[in-house]
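Written below as structure tokens is the structure these notes are about.
The values are calculated or read from the model by the stated rules, or taken from the named source; none is laboratory data. In this text the structure is predicted, and so the values were computed from the model without any measurement. Glycine also receives a Cβ, built like all others from the backbone with ideal geometry; neighbour counts cover every protein chain displayed.
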Amino acid sequence: MNFADRLAAAVQRTGSVTCVGLDPRKAQLPAVIRNSVADESADAWAAAYTQFCKEIIDVVKDIVPCVKPQAAFFEQLGPAGMVALGQVIRYAHGKGLLVITDGKRNDIGSTATAYAQAYLGAGDRSPWGSDSLTVSPYLGQDSLEPFVKICDQREAGVFVLVKTSNPGGGLLQDRETDGQTVYQRVAALLTELNQGRIGECGYGPMGAVVGATYPEQLVAMRAAMPQSWILIPGFGAQGGAADDVLGGFDSKGLGAVVNSSRHIIFAHEREEFREKYGDAQWQQAVEAATNQMNQQLGTIVKV
Ligand SMILES: O=c1ccn([C@@H]2O[C@H](COP(=O)(O)O)[C@@H](O)[C@H]2O)c(=O)[nH]1
């Protein structure tokens, strides 16, 4: 089954459009894990990140369709961190979750092929074999072709940066040429690349990233890319709310997943959960925050 159909099935199975972002940070790990780190070595922190992410996966595996490990936090630890990233991806797969690795990778076509194989390929050639990868479009169509190819071969998917959630993204993405913005041009390219690749759910493997922090543009991008799944970051910690993401969904409640990282994985720090669960019961805080997000989204999206 292609990635688009697998994502649709996972959303329908769990009744959730929440994607839990796995962004481990040393200073925000629950004390019980932070205090167990034996020394300041990368190996010790990598083991802590793995444990933290595995425990989150155990909590959310039946209540969300997918997780999104953020490669940056693992890379920060060097080789040990990248081993940990592979372990987390495999663990999530073992628990039945789809994995969207957030790496924002790309390069000239011949190098992009290596990224595609590393993150979406098969077996030993893919140490971080995920279901999907975030990809930059700024090297042009030839840089996206290797990802299109591997999506066809491996039934994988990509989420290409269209309109990112950060305040400064407009500097380049909102630039106009030939009567359209850069992000509109990227959206049109994704629609072209999805041609002939549409699954039973009506979507193809070439997805898009559009931030919850730009609700008007999200509505326009839903219309411009009727066959692209949209990954919507920026919910929660960046200020995006349920009403802001409504425009990303189709009439069946499909077509988008909404990511939240800090507000879920560090829920033990949030005022509303801190007193009830505290640091010691941080997993219950993760569960409560995930259920809360599912409910908030459930009131606007029926799947
Ligand atoms: O436009 C984008 C693209 C990616 N991200 C990533 O999503 C998460 C958001 O984390 P929060 O803690 O929920 O803010 C993080 O990994 C970003 O690198 C994004 O925010 N915006």
**Message:** Taking the condition of being touching a Lys or Arg at 6+ places or on another chain (Cβ under 9 Å) and either in a helix (DSSP H, G or I) or touching a residue at least 12 places away in the same chain (Cβ under 8 Å) (or both), how many residues in the stretch 122-131 meet it?
**Reply:** 3
**Fill in**
Turns out the helices (runs of 4 or more DSSP H) fully within the stretch 1-117 with at least 1 residues that are touching a strand residue (DSSP E or B) at 6+ places or on another chain (Cβ under 8 Å) and at pLDDT 95 or above are 3-14, 42-60, 71-75, 79-94
**Fill in**
Picking from V182, V162, the residue that is of a type in the set (A, V, I, L, M), in contact (Cβ under 8 Å) with a residue 24 or more places away in the chain and closer than 29 Å to G236 by Cα would be V162
**Message:** Test of understanding: among L231, L297, which residue is within 12 Å of the ligand (Cβ to nearest atom) and buried (at least 21 other Cβ atoms within 10 Å of the Cβ)?
**Reply:** L231
**Request:** Quick one: count up the residues across the stretch 217-268 that are of a type in the set (D, E, K, R) and without any contact (Cβ under 8 Å) to a residue 24 or more places away in the chain.
**Result:** 0
**Prompt:** Can you list the helices (runs of 4 or more DSSP H) found entirely within the stretch 232-303 that contain at least 2 residues being among the charged types (D, E, K, R), touching a Gly at 6+ places or on another chain (Cβ under 8 Å) and under 22 Å from V158 (Cα atoms)?
**Reply:** none
**Message:** Could you check the stretch 234-268 and list, in sequence order, the residues that are closer than 18 Å to T101 by Cβ and away from the ligand (no atom under 15 Å from the Cβ)?
**Reply:** none
**Prompt:** If you check L190 against the conditions, is it within 16 Å of the ligand (Cβ to nearest atom), assigned to a helix (DSSP H, G or I) and out of contact with any Phe, Trp or Tyr (no Cβ under 8 Å at 6 or more places or on another chain)?
**Reply:** yes
**Fill in**
Checked V257, V209 against criteria (in contact with a helix residue (DSSP H, G or I) (Cβ under 9 Å, 6 or more places away or on another chain), of a type in the set (V, I, T) and closer than 23 Å to K68 by Cβ); the one match is V257
**Message:** Yes or no: the stretch 174-183 includes at least one residue that is hydrophobic (A, V, I, L, M, F, W, C), surrounded by 13 or more Cβ atoms within 10 Å (Cβ to Cβ) and within 16 Å of the ligand (Cβ to nearest atom).
**Reply:** yes
**Message:** Just the residues that are away from the ligand (no atom under 14 Å from the Cβ), surrounded by fewer than 14 Cβ atoms within 10 Å (Cβ to Cβ) and more than 26 Å from Y277 (Cα to Cα), please, taken from the stretch 27-77.
**Reply:** D39, E40, S41
**Message:** Among the residues in the stretch 252-270, are any surrounded by 21 or more Cβ atoms within 10 Å (Cβ to Cβ), closer than 28 Å to A187 by Cα and modelled with pLDDT under 95?
**Reply:** no
**Message:** I want to confirm something. Restricting to the stretch 110-161 and keeping residues that are under 21 Å from E200 (Cα atoms) and in contact with a Cys (Cβ under 9 Å, 6 or more places away or on another chain), which single residue is surrounded by the fewest Cβ atoms within 10 Å (Cβ to Cβ)?
**Reply:** D131
**Item:** the stretch 109-155, residues that are within 16 Å of the ligand (Cβ to nearest atom) and under 20 Å from V67 (Cα atoms)
**Value:** Y119, W128, S130, S132, L133, T134, V135, S136
**Request:** Give the stretch 269-288 a look and list any residue that's among the aliphatic types (A, V, I, L, M), away from the ligand (no atom under 16 Å from the Cβ) and either within 14 Å of V60 (Cβ to Cβ) or free of Cβ contacts under 8 Å to residues at least 24 places away in the same chain (or both), or say none.
**Result:** A288
